[in-house]
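The values are calculated or read from the model by the stated rules, or taken from the named source; none is laboratory data. Quick caveat: nothing in here was measured; it's all calculated off a predicted structure. Cβ sites come from the backbone with ideal geometry, for glycine too, and all protein chains shown count toward neighbours. SASA here: full protein model, heavy atoms, side chains in, ligands and nucleic acids out. Shrake-Rupley method; radii C 1.70, N 1.55, O 1.52, S 1.80 Å.
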Amino acid sequence: MNRLEVSAKYDPSKTEDKWYSYWMEKGFFHSQPDEREAFTIVIPPPNVTGVLHMGHMLNNTIQDVLVRRARMQGKNACWLPGTDHASIATEARVVAKLQKAGIQKTDLTRNEFLAHAWEWKEEHGGIILEQLKKLGASCDWDRTKFTMDDQMSESVIKVFVDLFRKGYIYRGVRMVNWDPQAKTAVSDEEVNHKEVQSKLYYVRYLIDGTEDEYLTIATTRPETILGDTAVCVNPGDDRFKHLAGKKVVVPMVNRVVPIIQDDYVDIEFGTGALKITPAHDINDYEIGLKHKLEIIDIFNPDGTISDAGALFVGEDRFKARKLAVKELEKLNCLVKVEDYVNKVGYSERTDAVIEPKLSVQWFMSMKELAEPALDAVNSDEIQLHPPKFKNIYRHWMENVRDWCISRQLWWGQRIPAWYLPGGEFVIAENEEEALILAREKTGNPDFSLSDMKQDEDVLDTWFSSWLWPISVFDGIRNPNNKDIQYYYPTNDLVTAPEILFFWVARMIVAGYEYLGKKPFNSVYLTGIVRDSQRRKMSKSLGNSPNPLDLISQYGADGVRVGMLLCSPAGNDLLFEEALIEQGRNFGNKIWNAYRLVAGWEEDDEIKQAETAKLAGKWFDTKLKQAIIDLEDQYSKYRLSSALMICYRLFWDDFSSWYLEIIKPDYGAPIDAQTKQEAFDFMEKLLLVLHPFMPFITEELWQAVRERQDGESIMIASMPTADSYDADLLDRFDRVKELIVFIRSVRAEKNILMRNSLKLQVRPIEGDYAGEFDPVIAKLANLDSIDIISDTPEGAVSQVIKAVEFFVLLEGMIDPAEEKAKIEKELGYAKGFLAGVEKKLSNERFVQGAPAKVVEKEQQKKADAEAKVKALEAQLKDL
């Protein structure tokens, strides 16, 4: 058979680009609906601003493993890639670029700014997808989508209009999370709460109508005193009952405000009196509505003090805090300052401190829409892996809040609301439809486009990506098209737990609302990639290696294996470069095993040795067991465990045992049948390894036998198995244990491998079959294997499953030295036996422990007794 020679060393740089280009050229990644079972994954679209980081490496390696395996199982695999327009992040990048050129966003019209944004997107937007190709990602690149493609944007607008007309979307003034850096509202889920060291300022407010009577409050934000419109106490607090109906004078601004009473106030916190600033605290806002308080917004959109603040106008809020403290000291209103630890909200996008702000925004009512999505996960119609996230999901969905979906940006899908004179508005999919609705609403047939103005805001980025599994197949605009009918619902979603609510839950909501079906069957939640100090990898910490540098140094296969070796679903991955090196070394092991077999001289005249027949019988069974175990691990999304099955199968079973057994003597040829069997086994091993290591497996699969143009391992069939002979594997495990024992005897006694030994066998119970004796004789270099009934002299023994094996040592060892060793081992064995007997003599243990545990201890006792007996016999012989 024609086989290709391979170089002495594996060089990934010479194979990876070659085979990726081949796969692309042959269209192996592309999918079209046909009669086969579909297997679909939609990529979590990375931000268009992004470049590949370690989290992407892990996430996309997992997706590629699942997709490649499905393809080899004969399924029509479609892995759809794309990018997210990332409103806040992208707009910030474009604004920064313009500022470097001396251009302010405010100097441009909306269309001029968007022209710059699209130019930036075209220049930078495809970087991360190109980088994924270096990893070996087998995405259907012909189907690449961008969340602001015309088709995608049309779907978003269509959904907005639909949900508005159904009554789920509304416009209103609410307290929102305001990002002063991005100058936009962000949703509750986009706020990271961090514990910080703060100060608690105790400030006294003069009771109105008195000269020296004060009420002291405690606050972490003295600058917001400028917006105070009340002081609140608990009606059950006896300390303040005398102040009912009175007023206080707000320091610095001398505003007279009422003292109100409300159960919300915690009597134990601070002084028991609470300043109320309705415009800048969500709880204060609720109290303000309840008590009909004035609302004074003291902040501009950029976080500086507004004219309404009266003092420190134009100053940044944090500088204003310092100025307020100085002013309070000057007015003798600052009583004391204490260190205080509290939680502060930060914008996930810009890391700016969030400012609670009253704002007119668009909201989406979620409670009713969330119910089918909650039921889907509760009933396991959609399965989360690992299932521990089910409780987190349930908590979020049972306590879901209305979603603030508007953003004060220009980059994104513009809200399809048009405002008419007088404050009314119409919602439509386009200007033409809006004009028709406006004419109907106003009763004016001459009403024109110039008479109305579209909302300046855009929709939250998540409002486009929540439609991703549907919109990528055009399922919103054309719900009966061939693609959506074939590929939806998708099979697996692989993503990070931190966007379980942001994205995953919302996609489930959209799936049931628009197609009446779940968007995916399973959600695989990856862990976070951390360094050895358990810190999340990030550029700012400088602890994140460049993934492309790792690929360049270790090869894509090495990186993929290294990442997966320690990444169980849902648990964090503690990254060490040594793991990537281990992945590369595994690739070298595979390469060298191929070269070893290929290098053996073949002789057609030689008959197959009995050792090779036995080895083939055993390894074929071992391979079947591994294939069945792999199926089980894949079904449980334990990809790390699946990889370890492949790793041990190749490294331990195939290389260390099978190849050692069939290896011809130095300089001697091997029979053709055994060599062919070895290559057949290697071919199957390459197939099961391919999803994890696509490049080296393709290279060797092409070499192992003659292939035609258009053939590829990635479209070859994955090996299958229905059953295996577990008893045979158990018998061979005893053989391995015996060989390891004989080798250890050689090591302990300094007996060289070239010096043959004699083995004698005494069955303790039953018979000794001896089916693998040829293998034992070859690997242990034995002259003979004889069955005996008596204990021989001058031998070392080992009991393995009711059979005692004796290695004859006559003339090969120093008796005095051997006696000392045996006595030491005997002392340990007797001590172990005594411990087991003590445990079994404890009635509470025997009665209370599970039957299997007691049975295991009894087996330990029997083994220990046999060991002691054997050692005592050896001593007697000496």
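Summary of values
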quantity: Rounded tilt (10° steps) of 317-330 against the dominant C-alpha axis of the chain; calculated: 60
quantity: Dipole of the chain, positive end: most advanced residue of Q858, L493, G136 [Cβ charges, Cα centre]; calculated: Q858
quantity: Over segment 169-302, volume per residue of the alpha carbon convex hull, in Å³; calculated: 139
quantity: Set of lysines near K158 by C-alpha distance (under 22 Å), chain-local residues within fewer than 8 positions excluded; calculated: K145, K166, K367, K441, K453, K482, K517, K518
quantity: Segment 800-846: trypsin sites (Lys or Arg not before Pro) in DSSP loop, at most 16 other beta carbons within 10 Å; calculated: K801
quantity: Under 13 Å from K824, Cα to Cα: aspartates and glutamates that are on another chain or at least 8 residues apart; calculated: E872
quantity: Burial order of peptide ranges 46-55, 702-711, 500-509 (average beta-carbon count within 10 Å, highest first); calculated: 500-509, 46-55, 702-711
quantity: DSSP-loop GluC sites (Glu not before Pro) across segment 586-638, with at most 14 other Cβ within 10 angstrom; calculated: E601, E605
quantity: P(r) weight above 14 Å for segment 655-738, C-alpha pairs, percent; calculated: 73
quantity: With Cα atoms, 0 to 90° folded angle of helix 389-398 axis to the chain main axis; calculated: 20
quantity: Rounded to 10°, Cα long-axis angle of helix 87-100 versus longest principal axis of the chain; calculated: 70
quantity: Cross-link pairs K617/K675; K75/K133; K749/K839 - those with Cα-Cα distance over 24 Å; calculated: K749/K839
quantity: Probe 1.4 Å - accessible area at E440, Å² to nearest ten; calculated: 130
quantity: Protection proxy ranking of 56-63, 517-524, 305-312 - average other beta-carbon atoms within 10 Å, highest first; calculated: 56-63, 517-524, 305-312
quantity: Rounded to the nearest 20 debye, dipole of segment 109-154 from Cβ charges on Lys, Arg, Asp, Glu; calculated: 240
quantity: Dipole moment magnitude, nearest 20 debye, the chain about Cα centre, only Lys, Arg, Asp, Glu C-beta charged; calculated: 1480
quantity: Rg to Rh, two decimals, where segment 269-360 supplies the alpha carbon set and Rh follows Kirkwood; calculated: 0.96
quantity: Peptide ranges 294-300, 662-668, 260-266 listed from the most packed, as the mean C-beta count within 10 angstrom indicates; calculated: 294-300, 260-266, 662-668
quantity: Contour minus Cα-Cα distance for D351 and A578 (0.36 nm per residue); calculated: 78.4 nm
quantity: Those aspartates and glutamates that a straight Cα-Cα span of less than 13 Å connects to K194, excepting residues fewer than 8 apart in one chain; calculated: E348, D351
quantity: Dipole magnitude of segment 531-596, debye to nearest 20 (Cβ charges: Lys/Arg +1, Asp/Glu -1, about Cα centre); calculated: 60
